[in-house]
Amino acid sequence: MDQILYEVKDRVAVITLNRPEVANAQTMSLLDDLDAAWSRAAADEDVRVVVLRGNGRHFSAGHDLKDRWPGPKEITLEWIYNAETRRYLEYTLRWRNIPKPSIAAVQGKCIAGGLMLCWPCDLIVAAENAEFSDPVVHMGIGGVEYHGHTWELGARKAKEILFTGRAVTAAEAEKVGMVNQVVPLDELDAATMDLADRIARMPPFGLRQAKRAVNQTLDVQGFYAAVQSVFDIHETGHGNALSVSGYPVLTRLEGMKEHIKSQ
């Protein structure tokens, strides 16, 4: 079964995460396929808008930890840094900056690496049951590789969700401006496609320039430099874990899973 589905509907490219049996957890190969889908949409002159969605109950449970690492004897900080630079920094920044508007449709859980899929999108439509969280401090890491937290939530709210690992509800995310719309779960796809259709009717060059204006303003304010710098801070978490336990994360995975279930 394809991990990523791709189709074009009325000038809208719909990219679908398709591992519902594991809550769309992200393997390395899934991210490679996802990047190829984004590149395909960016290159298609008939596509005006990109929609990212997930099949099943949840948008994404984040990185698939069963997939990520080589054996304990082979893994080094250099290997981790190279792999994560490509898939967790370069990919996300490329998706953020494609010259077409993008919309993420989020339902259920959006955990850690799931944020790295929806945050690069220009707009987010959330189902009422959507919950956004980054509980990786449980693993001795200060947050996922793409640090959108401060920009999406504000400094104090970003610290709160990182320090506690608690989930942000769809309503709370809309209140702080991280989410554009909150809709009933059974209306999520229709509401997202309606928004995409309205945007697709606008002149494409105007859309491209409007997106560039907003992204460039954020970059002048420090977004791009901050994301690069905080990525290196993230990597020191892996280095510390390797020195302490010989594994890239401190192994409190069961505690983190129980914490997520209790949300």
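The values are calculated or read from the model by the stated rules, or taken from the named source; none is laboratory data. Treat the numbers as computed from the prediction; the structure is a model and nothing was measured. Ideal geometry is used to build each Cβ from the backbone, glycine not excepted, and the neighbour counts take in all protein chains shown. In case anyone asks, the SASA skips ligands and DNA or RNA and just uses the protein heavy atoms, side chains included. Shrake-Rupley method; radii C 1.70, N 1.55, O 1.52, S 1.80 Å.
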Okay, helices (runs of 4 or more DSSP H) sitting entirely in region 140-244 with 2 or more residues that are open to solvent by 70 Å² or more (accessible area, probe 1.4 Å), I get 155-164, 170-175, 188-200, 204-220
All-but-one check, L253 against (1) hydrophobic (A, V, I, L, M, F, W, C); (2) at pLDDT 95 or above; (3) open to solvent by less than 80 Å² (accessible area, probe 1.4 Å), failing number (2)
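Here's the yes/no breakdown for (1) of a type outside the set (G, A, S); (2) free of Cβ contacts under 8 Å to residues at least 60 places away in the same chain:
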position	(1), (2)
D2	yes, yes
D10	yes, no
T16	yes, yes
T27	yes, yes
W95	yes, no
S102	no, yes
C110	yes, yes
Being in contact with a helix residue (DSSP H, G or I) (Cβ under 7 Å, 6 or more places away or on another chain) and over 16 Å from Y88 (Cβ atoms) is the filter here, so list the residues in region 30-51 that pass it. V47, R48, V49, V50, V51
How about region 131-150: which of its residues are under 14 Å from the mean Cα position of the chain (by Cα) and of a type in the set (A, V, I, L, M, F, W, C)? F132, V144
Top-ranked residue of region 6-18 - restricted to ones that are assigned to a loop (DSSP other than H, G, I, E, B) and touching a strand residue (DSSP E or B) at 6+ places or on another chain (Cβ under 8 Å), ranked as nearest to A112 (Cα to Cα): N18
List pairs: first residue in region 160-184 and within 15 Å of A104 (Cα to Cα), second residue among the β-branched types (V, I, T) and not in a strand (DSSP E or B) anywhere in the structure, Cβ distance under 9 angstrom, at least six positions apart or on different chains. A170/V179; A173/V179; Q181/T192; V183/T192
